[in-house]
Amino acid sequence: MKISKYIAAFLFVATLAACSSSEEVLTGEGNVTLEFDNAYNSSDLLLETTPYSANDTEKIKINKVKYIVSNIRLETATGTIFTYPKNESYFIVDENTNSSQFITLKNVPRR
């Protein structure tokens, strides 16, 4: 009977020792993927198929959407800012090319 009390006490202490109130701090670097999902008003942008209302009297049909994304800055919840290296931060996003709508930033510090 005394042995089971000692075992129970040991397990209780071991459980308390394993718990920690501090948060885990991530260190090192990782990758971040940004997705660009283009839309017109509240609907998904569909090229060359759907006419969109420009105003009450005009409709437009979009054939091509391309743009450059650069000078990317990421901010943590605590306000720390990481600026992606400018010589690596020029990306062309093309609505016709699905793979270009995902930009992977490499070697982003974990904070």
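The values are calculated or read from the model by the stated rules, or taken from the named source; none is laboratory data. Nothing here was measured: the structure is a model prediction, and the numbers come from that model. Please note that ligands, DNA and RNA were not included when accessible areas were found on the heavy atoms of the full protein model with its side chains. Shrake-Rupley method; radii C 1.70, N 1.55, O 1.52, S 1.80 Å.
In region 45-111, the portion of solvent-accessible area held by carbon and sulfur atoms comes to 48 percent [1.4 Å probe, whole percent, DNA, RNA and ligands not counted].
Of Thr97, Thr57, which has the most accessible area with a 1.4 Å probe, and how do the rest follow in descending order?
On the way: Thr97 55, Thr57 125 Å².
From most exposed to least exposed: Thr57, Thr97.
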